[in-house]
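One structure below.
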Amino acid sequence: FFTLSWAWIKINQSQILSGITVALAQVPEAVSFSFVAGVDPIVGLQSAWIMGIITSLFGGRPGMVAGATGAVAVVLPSLVEKHGVGYMFYAIMLAGILQMLFGFARLGVLVRMIPHPVMVGFCNGLGIVIGVAQFNIFKIRPEDDVDEDGRRLFEVGGAFAPFTNGWEWVDATMIGWMCFHIAIALFTYAFFPKITTAIPASLAAIIVTTILEWAFIRPIGYETNTVKDLQDVKGSLPVPVWFDTGNGYKDEMPPLNLETLGIIFPVAITAGAIGLLESLLTLELIDEMTNTKGNGNREAFGQGLGQFLSGAFGGMGGCTTIGQSMMNIHSGGFTRLSSSCAAIFMLIILLAAYPLINLIPVAGLAGVMFVVTYFTIEWESAAVLFGSMLPSSLRLRFGYETKVKRSDVFVMLVVVGVTLALDLAIAVGVGIIVSCLVFAWDAGTNLTMSRAASADNESVVYTVAGPIFFGSIKPLLDLFPNPRLEPKNVTVLFDQAEIHDWSGMMAIKRLHERFESNGATVKFQKLNVSSRRLMHKSKDLWEGVNVFINEDVDVENDPLVEQDHRTNTHL
């Protein structure tokens, strides 16, 4: 048995060590996010391992790490401050239920609506936020600070809080030694794999900086802040909040009634939506990095179950921790074992190993997170931005072929800007809206029309090509000349066009009324099958519009006819 166990450990060594590395990096962040939410650090630490183990086992993406996150923490301070931590637990449980319903409804496919420029802006904004957040290690947290450092949902410039929160900087000597730790961590990460790959470079960086702190820096009379300086890490196995007398949660729980539901529902909706958005985006990102396919619906269910149990056992919920997920992937952790080990080791830290964790210098952890920042940012987008801004003459002169549509670059910059100004989840939502508006505008200008009049000028045929929907109505109507000056026998052909919505159908009616009011007779012909079916279902609205005439439809060659409808149809 011992031999088999040792062989199993050797085989899965990289997964286990990667999980340990991630757990070590999660500790200071979980503590920090607890301060953001306005709760005790133990709440964030409990969330880290509960969310981690549940999403690792039931989530839809091996290697993804979940835990307490800033995205969820920022929506909690007001609720905790006004109503107490008991309401927060119920809000997190409700958020989990909503996320599970999202997964059951199989709505995870909605992530396909996120365009690539939004994904690139998401990565760039996230990388900047992660990097800037590390500068908090150079600040002195006020003793009476509870939630003032929390980034509110619509706080302008919250990403730069380390430079604007008004906290005092540590002394110059400590800043110098912290920078030394960061440099050593970066150096170790870059060159340690050349010595051995048995230990992940991230874990090696943490070990080396810890040894330097206690074997070199402190013996010569200097020191830097350690995890213990943020918060002394220790805890116990959680119990359901309704029975938890040790932490006093039992007395904090409000009655579960409609009044309580009305208080917690807005926070639950926000926390659940932001958590799902960040988790599904991270799933897509890791899918691209690993050339594998995750399951968005299963991930939504796993996140929801983790949220619910986190709230039930005294946690603050969370979602996928994007930085730690990137760290896990780059450390070689691509299976469920790695993320499970991270959660289990986090629990071991709380129960037994916390004296060792308290010794780690936070600057060493910051160095590892700077590596995550580097790998998170899409550096290629800088070349795309530069190439798209250059005029064509300069691009041809220097052979700089990295241009994409400037509207796509604009969307990417909007997502980055809104991330830094407001919030990552808000930025993605804004990016999707802007992308949809840009697409609708571009598609609406792709209409064309040709005109062919008879020799006697008694009849005229217009052939329309392109999508007919809400964004193309005005361009479509503007294509047609003044009907007073046109022949009175009009035929409009739509064999190269398609009607997509109610607005498109109304455009047909408006064209009919325009020609009829000027004494012309108009027929609309050669609608494809999907357009004809759309019009036919609402034919009572188009009474008098000559569009339902008998006409043979070549369903065999119409690409928009579904496979099961491929029979000769006479409409």
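The values are calculated or read from the model by the stated rules, or taken from the named source; none is laboratory data. This is a predicted model, so every value here is computed, not measured. Neighbour counts run over all protein chains shown; Cβ positions are idealised from the backbone, glycine included. With ligands, DNA and RNA removed, areas are computed over all heavy atoms of the protein, side chains included. Shrake-Rupley method; radii C 1.70, N 1.55, O 1.52, S 1.80 Å.
Here PHE265 meets the list (1) surrounded by fewer than 22 Cβ atoms within 10 Å (Cβ to Cβ); (2) touching a Gly at 6+ places or on another chain (Cβ under 7 Å) almost entirely, failing just condition (2). Taken across the range 270-291, residues that are in a loop (DSSP other than H, G, I, E, B), under 19 Å from VAL111 (Cβ atoms) and free of Cβ contacts under 8 Å to residues at least 24 places away in the same chain do occur, with at least one present. Is it true that some residue in the range 249-263 is touching a Leu at 6+ places or on another chain (Cβ under 6 Å), assigned to a helix (DSSP H, G or I) and at pLDDT below 90? No, the range 249-263 contains no residue that is touching a Leu at 6+ places or on another chain (Cβ under 6 Å), assigned to a helix (DSSP H, G or I) and at pLDDT below 90.
THR282: within 30 Å of ASN297 (Cα to Cα) and in contact with a strand residue (DSSP E or B) (Cβ under 7 Å, 6 or more places away or on another chain), yes or no? Considered against the rule, which asks whether it is within 30 Å of ASN297 (Cα to Cα) and in contact with a strand residue (DSSP E or B) (Cβ under 7 Å, 6 or more places away or on another chain), THR282 comes out as yes. Only one of the numbered conditions (1) open to solvent by 40 Å² or more (accessible area, probe 1.4 Å); (2) of a type in the set (A, V, I, L, M); (3) within 21 Å of the chain's Cα centre (by Cα); (4) at pLDDT 80 or above is not met by ALA7, and that is (3). Restrict the check to the range 374-386 and report whether at least one residue is open to solvent by less than 70 Å² (accessible area, probe 1.4 Å), farther than 30 Å from PHE187 by Cα and modelled with pLDDT under 85. So far as the range 374-386 goes, no, none of its residues is open to solvent by less than 70 Å² (accessible area, probe 1.4 Å), farther than 30 Å from PHE187 by Cα and modelled with pLDDT under 85.
Picking from ILE360, ILE322, ILE348, which residue would you name as being β-branched (Val, Ile, Thr) and out of contact with any Ser or Thr (no Cβ under 9 Å at 6 or more places or on another chain)? On inspection, the qualifying residue turns out to be ILE348.
A quick yes/no check of all residues on (1) closer than 30 Å to GLY86 by Cβ; (2) within 27 Å of the chain's Cα centre (by Cα); (3) touching a residue at least 60 places away in the same chain (Cβ under 8 Å):
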residue	(1), (2), (3)
PHE1	no, no, no
GLN15	no, yes, yes
ALA23	yes, yes, yes
PHE33	yes, yes, yes
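Hey, any hits in the range 292-299 for a residue that's assigned to a helix (DSSP H, G or I), at pLDDT below 85 and either touching a strand residue (DSSP E or B) at 6+ places or on another chain (Cβ under 8 Å) or farther than 17 Å from GLY67 by Cα (or both)? Within the range 292-299, none of the residues are assigned to a helix (DSSP H, G or I), at pLDDT below 85 and either touching a strand residue (DSSP E or B) at 6+ places or on another chain (Cβ under 8 Å) or farther than 17 Å from GLY67 by Cα (or both). Output the number of the condition that TYR400 fails; it satisfies all remaining conditions of (1) of a type in the set (Phe, Trp, Tyr); (2) under 23 Å from the mean Cα position of the chain (by Cα); (3) not in a helix (DSSP H, G or I). Only one criterion in (1) of a type in the set (Phe, Trp, Tyr); (2) under 23 Å from the mean Cα position of the chain (by Cα); (3) not in a helix (DSSP H, G or I) is unmet by TYR400, namely (2). For the range 482-497, state whether one or more residues are surrounded by 15 or more Cβ atoms within 10 Å (Cβ to Cβ), under 13 Å from GLY444 (Cα atoms) and either in contact with a Ser or Thr (Cβ under 8 Å, 6 or more places away or on another chain) or touching a residue at least 12 places away in the same chain (Cβ under 8 Å) (or both). There is at least one residue in the range 482-497 that is surrounded by 15 or more Cβ atoms within 10 Å (Cβ to Cβ), under 13 Å from GLY444 (Cα atoms) and either in contact with a Ser or Thr (Cβ under 8 Å, 6 or more places away or on another chain) or touching a residue at least 12 places away in the same chain (Cβ under 8 Å) (or both). Hey, any hits in the range 69-81 for a residue that's buried (at least 22 other Cβ atoms within 10 Å of the Cβ) and of a type in the set (S, T, N, Q)? Yes, the range 69-81 has at least one match.
Of the set (1) modelled with pLDDT under 85; (2) under 21 Å from VAL22 (Cα atoms); (3) out of contact with any Pro (no Cβ under 9 Å at 6 or more places or on another chain), all apply to LEU277 but (2). Residues in the range 537-549 that are exposed (fewer than 14 other Cβ atoms within 10 Å of the Cβ) and in contact (Cβ under 8 Å) with a residue 24 or more places away in the chain were compared, and the one that is nearest to ALA465 (Cα to Cα) is ILE549. On the basis of being closer than 28 Å to LYS293 by Cβ, in a helix (DSSP H, G or I) and polar (S, T, N, Q), does GLN46 make the cut? It is false that GLN46 is closer than 28 Å to LYS293 by Cβ, in a helix (DSSP H, G or I) and polar (S, T, N, Q). Within the range 225-248, being in contact with a Leu (Cβ under 8 Å, 6 or more places away or on another chain) and either assigned to a loop (DSSP other than H, G, I, E, B) or surrounded by 19 or more Cβ atoms within 10 Å (Cβ to Cβ) (or both) holds for THR226, VAL227, VAL233, LYS234, GLY235, SER236, LEU237. Screening ILE50 on (1) at pLDDT 80 or above; (2) open to solvent by less than 20 Å² (accessible area, probe 1.4 Å); (3) under 23 Å from ALA204 (Cα atoms); (4) touching a Leu at 6+ places or on another chain (Cβ under 7 Å) shows it passes everything except condition (3).
Of the residues in the range 104-124, not one is open to solvent by less than 10 Å² (accessible area, probe 1.4 Å) and on the phi > 0 side of the Ramachandran plot.
Taken over the range 393-406, residues that are small (Gly, Ala, Ser) and open to solvent by 70 Å² or more (accessible area, probe 1.4 Å) amount to 1. (1) out of contact with any His (no Cβ under 9 Å at 6 or more places or on another chain); (2) open to solvent by 30 Å² or more (accessible area, probe 1.4 Å); (3) not aromatic (Phe, Trp, Tyr): which one isn't true of VAL409, the others all being true? Failed condition: (2). Scanning the range 321-372 for residues that are outside any helix (DSSP H, G or I), open to solvent by 20 Å² or more (accessible area, probe 1.4 Å) and within 22 Å of LYS228 (Cβ to Cβ) yields one hit, LEU359. For the range 27-46, a tally of residues being farther than 20 Å from VAL267 by Cα and at pLDDT 80 or above returns 3.
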